[in-house]
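Everything below concerns the one structure shown next.
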Amino acid sequence: MNETPKLNSFRAGPDEDGRFGIYGGRFVAETLMPLILDLEAEFNKAKTDPEFQAELAHLGTHYIGRPSPLYFAERLTAELGGAKIYFKRDELNHTGSHKINNCIGQILLAKRMGKKRIIAETGAGQHGVASATVAARFGFPCVVYMGATDVERQAPNVFRMKLLGAEVKPVTAGHGTLKDAMNEALRDWVTNVDDTYYIIGTAAGPHPYPEIVREFQSVIGKEAKEQMMAAEGRLPDMLVAAVGGGSNAIGLFHPFLDDESVKIVGVEAGGKGLDGEEHCASLTAGSPGVLHGNRTYLLQDSDGQIKEGHSISAGLDYPGIGPEHSWLKDTGRVEYVPIMDNEALDAFQMLTRTEGIIPALEPSHALAEVIKRAPKMDKDQIILMNLCGRGDKDIFTVGKILGMGL
Amino acid sequence: MTARMDKRFADLKAEGRPALVTYFMGGDPDFETSMKIMQALPKAGADVIELGMPFSDPMADGPAIQLAGQRALKAGQNLAKTIDMARRFRETDQDTPIVLMGYYNPIYIYGVERFIEDALKAGIDGLIVVDLPAEMDDELCIPAVARGLNFIRLTTPTTDNKRLPRVLQNSSGFVYYVSMNGITGSALPDPSLIAGAVARIKGHTELPICVGFGVKTAEHARLIGASADGVVVGTAIVNQIALSLTKDGQATQDTVPSVETLVRGLSTGVRAARLAAAE
C-alpha cells in the first residue's frame with residue numbers, strides 16, 4: 001500500500017480474505033478457523049435477509065432509541081468562536097454508548113447460529129455492559145472478561161454488568177487492561193468453541209469481525225449524513241471521532257469515506273505523551289504487526305513483543321487498532337492525531353459546563369481535538385463529532401484526578 | 001533439512017514405537033538453564049524437540065505456558081537467542097529434529113526471509129506457528145516449505161473432514177493433533193476418542209500423527225501412544241520447570257535433573273505403548 005493508486009472507492013474493503021490492503025486477515029488458531037468461516041457465511045446471509053434487517057431496525061428504534069439526535073452545540077461553538085460544532089449523540093443510546101449498536105446486531109447473529117452462551121471482552125466496560133444487556137434481553141448466559149485494573153477504575157460498569165446477570169471475570173495478566181481481557185476471551189472461545197459466541201466489541205480481530213462491527217456501527221454515519229443534510233443542507237467539512245480499537249470512528253467515518261470534501265480526523269490516546277511508553281497511540285507511534293487475529297498498527301518492541309499502553313480512558317487503553325484504520329492511515333484518507341490525558345480532562349470539563357453534557361473520557365479525546373481545530377476554521381464551516389459515550393462511568397476517575405472527594 | 005525429521009519418524013516406525021515429542025519454552029527460566037534442559041532432553045528419551053518462542057500475548061496457551069513465556073522474556077530471551085539455542089544444540093546433536101513453536105508476530109518483525117535463512121543455518125527442521133492457519137499460508141508456510149523447512153499444522157476436533165485437506169495441503173514433517181478444543185494444559189480427554197480421531201486424520205495423509213494437549217504422566221503417554229505416531233508433552237514439562245524454581249523465579253540445582261526425571265518417565269510410557277496395544 002506504499003504506492004497507492006488512485007482508488008475508485010475507499011469503501012470497497014475488505015477483500016474476500018478479510019484484508020484492507022496489507023491489514024486485517026485471519027491470524028487465529030486452527031480451532032477457531034471453522035467457526036469464523038461459519039460466522040462469515042451467516043453474516044453474509046443476514047446482511048441481505050430482509051427479516052434480519054427488519055428485526056435489527058425494530059430493535060434499533062424501540063430498544064436502543066435510534067436514531068440518536070444530531071445536536072448543534074451552540075454555546076460551545078460560540079465559546080470557541082470558529083466552525084459550527086455538531087454532535088452525533090450516541091451517548092443517549094440505551095446503555096449510554098454506541099457499543100449497543102454492534103451488540104444488538106451480533107446477538108441476532110448468535111441466535112441465528114444456534115449458540116447458547118455469550119462471551120465478551122471489555123475495557124471501559126461500555127461494551128461489557130452492552131453485551132450483558134443484550135444477553136439479558138435474549139436470555140443468554142454471559143461472561144465478560146475485563147482487566148483487573150479496569151475492574152477497579154470502572155466500578156460502576158462492573159456493578160451494572162453484574163446486575164444484568166453477567167459474570168465479570170477480572171484478568172490479572174499483563175497490566176490488566178483491554179489487551180489482556182481480549183487474550184482471555186479468546187482462550188475461553190478456543191475452549192468452548194461449540195456453544196459459545198464471542199461478541200467482539202471493537203472493529204478489530206480476525207475477519208469477519210472488523211467488517212461485522214463496521215456494518216452494525218455504520219448506522220451512526222448513515223443517520224448523521226441524513227440529519228446533517230436536513231439541518232444544514234450540506235455535508236460537514238470535518239468529522240472527528242476517538243479511536244481506541246476504532247468502532248465508533250469507523251461507524252461514523254465509513255459512510256463519508258468517498259465524500260472528498262469531508263476531512264476526517266481520528267483521535268488516539270496520547271496518554272502522558274508520546275516520548276515515553278505511557279500512551280496508546282498505535283497509529284502515530286506504532287508499527288504494523290500481528291495480534292488478536294489481524295495485522296494492524298501495534299505498540300511493540302524490536303522483538304515483536306506487544307507493549308502495554310496507557311490511557312486515562314480505559315476504552316482507549318489498547319495497543320492495537322482496527323485494521324481498516326491502519327489502511328485509512330496509510331492511504332492518507334484519514335488523519336490520526338494524539339490527544340494527551342490532560343487535554344481530554346480539560347475537554348471533559350469544558351463540555352460539562354458549556355453544554356450540560358457529561359461526556360465519557362473516550363469522546364473527550366475527540367472533543368479536545370475539536371477544541372483545537374474549531375477556532376482556526378471559518379464560522380460557516382461545520383465539524384461533526386461523534387459523542388459516542390456518556391461520562392457517568394468516569395466521574396470517579398475524574399473526581400480522583402481533580403482531587404474532589406466523592 | 002526435512003530429511004532429519006523424516007528419518008526420525010521412519011526409524012521409530014521400524015522400532016515399533018511412537019515418538020516422544022517434548023515442548024519447553026526457550027529461555028525459561030534463563031538462557032543457560034534452558035540450554036541445559038534442551039541438551040538433556042534427548043538423553044532422557046525425547047525423540048523430537050519443540051522449542052517454544054516466547055510471545056507477550058500467547059492467546060492459545062494456558063497459564064503455565066503464559067508464565068513460562070513471561071519468565072523467558074523477563075530474562076532477556078528474544079527470537080535471535082531462541083534460534084541460537086538450536087545452533088548450539090546442533091554442535092553436539094545432529095539427529096534430534098527441532099521444531100520452533102510460537103506465534104507469528106515476532107517472526108514477522110524479525111523478517112520472514114531472514115528468519116527462514118537463520119533457522120535453516122541453525123539446524124532447525126520445522127515450524128509450528130499457532131496463529132497462522134491454512135488461510136494465511138502465503139505469509140510464512142509457502143516460503144518456508146520452499147526452502148526446506150517443515151511446516152507442521154495443528155488440527156483440532158473442529159477440523160472436520162471437509163476442512164482437513166485444506167489444512168494438510170502444505171504441511172509436512174508430522175501432523176499435530178490437538179486432542180481437545182481448548183488452551184494448552186487442560187485435562188486429558190478420552191483415549192478412545194483420540195484413537196478415532198487419529199484414524200480419521202490418517203484417512204487424509206501419510207504423515208505421522210502426533211497427539212498433544214493434556215499428557216502429564218507415563219500412563220497418559222502409553223494410552224495415547226497406543227494409537228498415535230507420537231505423543232507431545234508440553235505443559236507437564238513447563239510445570240516441572242516452574243516447580244523447581246525459587247520464589248523469585250530463579251533456577252535451582254533441581255531444575256535440569258527434575259525435567260530429566262520427568263521426561264525419562266514419559267519415555268517409558270511411549271516405549272510401553274505398542275506392547276500394550278498388542279496385548
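Summary of values
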item	result
The one condition in (1) surrounded by fewer than 18 Cβ atoms within 10 Å (Cβ to Cβ); (2) assigned to a helix (DSSP H, G or I); (3) basic (Lys, Arg) that residue A:373 fails to fulfil	(1)
Lone unmet requirement of (1) within 9 Å of chain A (Cβ to nearest Cβ); (2) farther than 27 Å from residue A:299 by Cβ; (3) out of contact with any helix residue (DSSP H, G or I) (no Cβ under 6 Å at 6 or more places or on another chain) for residue B:134	(3)
Selection count, region A:129-170, where residues are modelled with pLDDT of 95 or more, outside any helix (DSSP H, G or I) and under 18 Å from residue A:200 (Cα atoms)	12
Check on residue A:227, within 21 Å of residue A:61 (Cα to Cα) and either of a type in the set (Asp, Glu) or surrounded by fewer than 24 Cβ atoms within 10 Å (Cβ to Cβ) (or both)	yes
Filter pass, residue B:203 being more than 16 Å from residue B:99 (Cα to Cα), buried (at least 24 other Cβ atoms within 10 Å of the Cβ) and more than 15 Å from the chain's Cα centre (by Cα)	no
Candidate set: region A:268-310, residues that are away from chain B (no Cβ under 14 Å) and in a strand (DSSP E or B); chosen: the one nearest to residue A:324 (Cα to Cα)	A:268
Selection within region A:16-53 - touching a strand residue (DSSP E or B) at 6+ places or on another chain (Cβ under 9 Å), more than 9 Å from every other protein chain (Cβ to nearest Cβ) and surrounded by fewer than 18 Cβ atoms within 10 Å (Cβ to Cβ)	A:22
Residues satisfying the stated conditions in region B:106-127, i.e. crowded, with 24+ Cβ neighbours inside 10 Å and either within 14 Å of another protein chain (Cβ to nearest Cβ) or not hydrophobic (A, V, I, L, M, F, W, C) (or both)	B:106, B:107, B:115, B:125, B:126
Pairs where the first residue, in region B:2-26, is under 12 Å from residue B:229 (Cβ atoms) and the second is assigned to a helix (DSSP H, G or I) and among the hydroxyl-bearing types (Ser, Thr, Tyr), C-beta under 9 Å, 6+ apart	B:20/B:267
Positions within region A:147-189 being over 30 Å from residue B:71 (Cα atoms), over 20 Å from the mean Cα position of the chain (by Cα) and surrounded by 24 or more Cβ atoms within 10 Å (Cβ to Cβ), in sequence order	A:166
Number of positions in region A:186-221 that are in contact with a Lys or Arg (Cβ under 8 Å, 6 or more places away or on another chain), closer than 20 Å to residue B:60 by Cα and either within 14 Å of another protein chain (Cβ to nearest Cβ) or aliphatic (A, V, I, L, M) (or both)	5
Criterion violated by residue B:185 - all others in (1) over 25 Å from residue B:85 (Cα atoms); (2) more than 10 Å from every other protein chain (Cβ to nearest Cβ); (3) at pLDDT below 95; (4) surrounded by fewer than 21 Cβ atoms within 10 Å (Cβ to Cβ) satisfied	(1)
Verdict on residue B:46 being within 14 Å of chain A (Cβ to nearest Cβ), within 18 Å of the chain's Cα centre (by Cα), of a type outside the set (Val, Ile, Thr) and surrounded by 24 or more Cβ atoms within 10 Å (Cβ to Cβ)	no
Set B:72, B:86: member being closer than 17 Å to residue B:243 by Cβ and not basic (Lys, Arg)	B:72
Enumeration of residues in region A:75-121 that are among the hydrophobic types (A, V, I, L, M, F, W, C), in contact with an Asp or Glu (Cβ under 8 Å, 6 or more places away or on another chain) and either free of Cβ contacts under 8 Å to residues at least 40 places away in the same chain or assigned by TED's automatic domain parsing to the domain that holds residue A:42 (or both)	A:108, A:109, A:113, A:119
Residue in region B:89-102 that is facing chain A (nearest Cβ under 9 Å) and surrounded by 21 or more Cβ atoms within 10 Å (Cβ to Cβ) present	no
Looking only at region A:387-405, and only at residues there that are in a loop (DSSP other than H, G, I, E, B) and touching a helix residue (DSSP H, G or I) at 6+ places or on another chain (Cβ under 9 Å), the one that is nearest to residue A:343 (Cα to Cα)	A:402
Qualifying residues in region A:88-116 (those that are touching a Cys at 6+ places or on another chain (Cβ under 8 Å) and assigned to a helix (DSSP H, G or I)) - the one surrounded by the fewest Cβ atoms within 10 Å (Cβ to Cβ)	A:91
Test: residue in region B:33-56 that is under 15 Å from residue B:251 (Cβ atoms) and in a loop (DSSP other than H, G, I, E, B)	no
Odd one out for residue A:289, checked against (1) without any contact (Cβ under 8 Å) to a residue 24 or more places away in the chain; (2) more than 27 Å from residue A:36 (Cα to Cα)	(2)
Of residues in region B:144-161 being surrounded by fewer than 16 Cβ atoms within 10 Å (Cβ to Cβ) and more than 9 Å from every other protein chain (Cβ to nearest Cβ), the one nearest to the chain's Cα centre (by Cα)	B:148
Residue that is nearest to the chain's Cα centre (by Cα), among those in region A:17-58 that are at pLDDT 95 or above and small (Gly, Ala, Ser)	A:24
Members of region A:146-169 that are among the aliphatic types (A, V, I, L, M) and closer than 11 Å to residue A:128 by Cβ	A:146, A:151, A:158, A:161, A:164, A:166, A:168
Residue in region A:59-69 that is over 17 Å from residue A:216 (Cβ atoms), assigned by TED's automatic domain parsing to the domain that holds residue A:227 and either at pLDDT 95 or above or outside any loop (DSSP other than H, G, I, E, B) (or both) present	yes
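The values are calculated or read from the model by the stated rules, or taken from the named source; none is laboratory data. Note that the structure is a prediction, hence the values are computed from the model and not measured. When we count neighbours, we look across all protein chains shown, and the Cβ atoms used for this are built from the backbone with ideal geometry, even at glycine.
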